[in-house]
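Have a look at the structure below before the remarks.
Every read-out reported here was derived from the displayed coordinates using simple, explicitly stated rules and does not represent laboratory data. From a predicted model like this one, the values you see are computed outputs, not experimental measurements. In this analysis, Cβ positions are derived from the backbone assuming ideal geometry, glycine residues included, and neighbour counts consider all displayed protein chains.
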Amino acid sequence: MKKDFNHCESVYWVFTQLCNDECDHCYNFSGPRGERISEAECMQIIDNLPERMDRLILSGGEPLADKKLLFAILDRLQERYGGKTQLMLQTNGDLLTGAILDKLIEKGITRFDISSIDRYHKFEGQRLEKLAALFATRGVNGDDKDPLVDKGNYLHKTNLSWGYWGATEDMWLGGNWARGRALEKDIWKRDPEHNFCTILSGARNFLGGYDDIPQEISIQLWQINPCCPGTKYPMGDARIEKVADVLERVSKQEVFQRLNEGDPWRMGEALGVTEQAARARTQELGNVCLYCDAFFGEYLRELGGGAGAFMELPVIPRMKKKRRF
Ligand code: SF4
Ligand code: SF4
């Protein structure tokens, strides 16, 4: 595990849940009435990000649906990181025009990922050709389709590139997170053997120590998570805490050390919850992230705060008796 949490290889930040679309498979309830945070809160979060980041992926919601806020964020990021961090934008592309693309490039975005090329989004991927033509007019290279996993594809890379993907029956639908509207609409796949936690966007390597995927954390609005689906309780509040301090703190806890290994079925061992019991519970629930929620709800305690208030790091209570896991 890494020691210096003031350096993160990758931070994935959903700074808005506002979106022009309202897809059934959306994992975070984004839509025209999606949750937002203020510009002041976003500035506080930027101040609390690690001193060094190799890349920052800005996502939503639809970032371009909250354009004024996005531009303010980019200006502040440039002030703080001055081109040392690769800035990437994950967008559904629906609202992208030539003028907006020019502005985004001017403000430091070097990588564009169009995440809507599938039949589940509003335009069902029909804008792909138009987007390809638009990027070509600005010299944005489309050969590099999937830079997210391979570190060689993004570390210190500043040339302009774009790629695209979309939901498929296997991924983002079939392997979709049991979260948000996907859970509500019941379109997540029940597969208790699928360990989402051990692949990119899961918790594996969020504290570092592995080379197979980038060390990445996610921030959902202000909630600091080890993974994109998000744990039942966030690890901390990026508006009022330094992300590095939060990572340092959880790195000492065995639950999070196991999650860093991408092994949620072993996160309860220190508390007497065996892997066998965890797997049995996952079979009942049908999904490893739902097991994770049940585990957090049962074994970790949320400190302080009321609804909507700051949630401190969950602490592990001493259990007086064995629970059913
Ligand atoms: S899946 Fe993407 S495009 Fe669809 S509602 Fe969610 S954030 Fe918007
Ligand atoms: S099992 Fe828990 S930590 Fe792992 S990806 Fe799912 S919610 Fe995140």
Antiparallel bridges, percent of DSSP beta bridges restricted to the range 7-225 (to nearest 5): 10 percent
Taking a threshold of 19 Å on the Cα-Cα distance, which of the pairs Lys68/Lys122; Lys103/Lys242; Lys122/Lys185; Lys3/Lys84; Lys2/Lys242 fall above it? Lys68/Lys122; Lys103/Lys242; Lys3/Lys84
Around Leu290: net Lys/Arg minus Asp/Glu count, Cβ-Cβ under 11 Å: +2
Asp102-Ala136 pseudo-label distance in nm [points 7 Å out on the Cα-to-Cβ vector]: 2.1 nm
Would you mind checking which residues have amide H under 5 Å from Arg55's amide H? H placed 1.01 Å from N; only 5 or more apart, or other chain. Ser10, Val11, Gln86
For Tyr164, the residues 5 or more places away or on another chain with a placed amide H closer than 5 Å to its own amide H are Ile114
Which ³J(HN,Hα) values, rounded to whole Hz and listed in residue order, are derived for the range 277-285 from phi using the Karplus coefficients 6.51, -1.76 and 1.60 in 6.51 cos²θ - 1.76 cosθ + 1.60 with θ = phi - 60°, glycine and proline given as x? 5, 5, 5, 5, 5, 5, 4, 5, 7
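At 0.36 nm per residue, minus the direct Cα-Cα distance, what do Lys3 and Leu200 gain on full extension? Give it in nm, one decimal, please.
Answer, rounded to one decimal: 68.8 nm.
By per-residue mean of other Cβ atoms within 10 Å, what is the highest-first order of 79-88, 134-143, 64-73?
Going from most to least packed, we get 64-73, 79-88, 134-143.
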Return the inverse of the average 1/r over all pairs of distinct C-alpha atoms in the range 7-225, which is the Kirkwood hydrodynamic radius, in Å to one decimal. 17.7 Å
Added length on full extension, which subtracts the Cα-Cα distance from 0.36 nm per residue, Asp75 to Asn20: 17.4 nm
Evaluate the charge dipole of the range 7-225 about its Cα centre and quote only its size in Debye, nearest 20, assuming +1 on the Cβ of each Lys and Arg and -1 on the Cβ of each Asp and Glu. 440 debye
Starting with the highest mean, order 224-236, 49-61 by the number of other Cβ atoms within 10 Å, averaged over the residues of each peptide. 224-236, 49-61
Positive dipole terminus of the range 7-225, leading residue within His194, Phe135, Ile105 (C-beta point charges): Ile105
Once amide H atoms are built 1.01 Å from N in the peptide plane, which residues 5 or more positions from Ser218, or in another chain, come under 5 Å H to H? Tyr12, Asn225, Cys227
